[in-house]
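A short reminder: the numbers here are calculations on the coordinates, not readings from a lab. Keep in mind that what you see is a predicted model, and the values were worked out from it rather than measured. Because the Cβ atoms are built from the backbone with ideal geometry, glycine has one as well, and the counts that use them run over all protein chains shown.
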Amino acid sequence: MKFGKRMTSSSPRSRRSRMSEASGTAVPLRFTPALSRQLLSLTLAIATVGLQSLMVAPLLTDMARDLAVGPAVIGRAVGLYGAGVALAALISAPRLDGWPRRRVLVLALVALGLALAGCALARDGVMLGAAMAACGLAAGVILPTTYALAGDLAPQALRSRAIGRVIVGWSVAMVLGVPAAALLAEQFGWRGAYAVIAGVAALAALSVLTLPAAKVPEGARLVPYRVALAQPEVLRLLIMTLAYMLAFYGCYTFLTDHLRATDDLGPSLGGWISLSYGLGFGLAVFGDGLLDRLGPWRVAAPAFLILAGIMLLLPLAAGLSPWAVVALALPWGIVNHFGLNVLVSLLSSGEAAVRGAVLGLYSAVTYLAHFLAGAGLGLVYAGAGFTAVAMVAAAGLAVAAGMAVLPAVTRRA
């Protein structure tokens with residue numbers, strides 16, 4: 001079975017679609033009110049993870065000043081968060097398909113709230129790093145479980161659009177959450193912002209409890225890594241994910257600090273950048289039907305190449321004005337939405353019995369990139385500046401674009 005191809009579904013909605021196709025009459029699949037409500041709960045779970053992982057960027061300067069450390073130390077703490085996600089995802093990936101997804105998601109969200117409270121109470125860089133690592137362990141279970149649930153709920157013909165709705169949680173985090181966190185930090189300090197987000201995690205857990213109890217997918221079992229990696233195109237997609245995520249987290253994490261080093265601006269600047277980026281990311285959801293019509297593989301390479309160009313424009317825009325960066329963040333968000341949807345849609349389109357394992361590996365690779373961006377590119381940033389970070393990001397996206405073209409070349413051959 002090829003990832004990204006139409007799969008057979010046993011749901012009544014899918015049977016109706018196949019019957020209409022056989023008779024030559026197309027009956028478009030639509031989201032039911034129940035499915036829309038379920039996806040909304042999953043969107044909130046993603047928004048919570050997105051908020052707590054992205055809010056560091058506008059708060060980084062204040063966190064470093066309060067803890068009496070340099071920005072590279074906060075970058076290493078962010079890296080520990082990424083390492084925690086990767087570790088949790090690697091440990092849980094072979095088991096996710098045999099666990100009841102709703103129960104696992106609720107417990108992981110509760111654990112995330114407790115870890116966020118630990119961040120708010122941190123007294124030095126070591127305590128902050130430990131608390132962020134705990135946040136990462138919880139997020140490493142939340143992300144693949146949420147994406148797998150979305151894949152379970154949506155029929156194949158609607159999967160890209162369903163995934164698009166769920167990943168809008170990242171947009172909600174940026175448009176509403178990160179700017180709000182920046183404003184909270186200005187009023188109550190960065191610790192107060194973390195305390196509030198701990199409460200948001202508790203609300204997300206309550207929301208997931210409203211979902212119907214999910215059945216364990218038929219044929220689910222302990223899935224060894226070699227089985228998940230042997231699924232068609234998975235290894236290629238994971239390498240593309242590594243390059244894509246390294247580019248995003250490397251630039252996003254250090255962009256605001258780079259701007260604040262040249263202009264005496266407060267943490268709200270990061271909020272404006274996040275607002276612009278998040279608006280673009282959210283608006284792009286209206287184009288998700290394009291992925292279902294053209295196929296994600298056709299969209300992948302153009303999206304990655306455009307993103308590479310935007311990475312190269314970021315330091316140029318920063319040299320002009322902080323508001324030029326705010327303006328550039330809008331198309332950055334639009335194109336990044338398509339890039340993320342391409343990766344998650346393709347990885348979630350395989351067999352339901354191994355979907356959790358594949359998406360667990362996706363989360364592990366994503367936050368391996370998060371770790372490398374915080375720790376590795378943090379050193380690049382400290383030694384060579386933001387322009388060097390942007391150039392590394394663009395190079396990685398160019399590699400991802402090249403790999404996205406290869407499957408089509410292979411199939412034609």
Within the set Met174, Met127, Met55, GNM on the chain using Cα springs under 10 Å gives the largest fluctuation to Met127
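Arranged from highest to lowest average of other beta-carbon atoms within 10 Å per residue, in what order do the peptides 131-143, 67-79 appear?
131-143, 67-79
How would the stretch 37-412 be classified by its alpha-carbon gyration tensor: rounded, prolate or oblate, with rounded meaning a/c under 1.5 and the a/b versus b/c comparison settling the rest?
Oblate, since a/c reaches 1.5 and b/c is not below a/b.
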Packing-ranked peptide list from 157-165, 378-386, 316-324, 339-347, highest mean Cβ count within 10 angstrom first, is 339-347, 157-165, 378-386, 316-324
In this structure, the FRET efficiency calculated for Leu114 and Leu312 from their beta-carbon separation, with R0 = 35 Å, to the nearest 0.05, is 0.30
The extension gain from Met127 to Leu235, computed as 0.36 nm times the residue separation minus the Cα-Cα distance, is 35.3 nm
In degrees rounded to 10, the 0-90 angle between helix 12-23 Cα long axis and the longest Cα principal axis of the chain is 60
CD proxy, 222 nm, the chain: helix-only mean residue ellipticity via -39,500 (n - 2.57) per DSSP H run with n ≥ 4, per residue, nearest 500, stands at -27000 deg cm²/dmol
Highest mean packing first, using Cβ neighbours within 10 angstrom, the peptides 365-377, 34-46, 107-119 sort as 365-377, 107-119, 34-46
Each label sits 7 Å from Cα toward the beta-carbon; between Leu107 and Ala202 the label points are separated, in nm, by 2.1
If the label point sits 7 Å along Cα→Cβ of Leu176, residues of the stretch 270-313 with amide N under 15 Å come out as 275, 278-279, 282-283
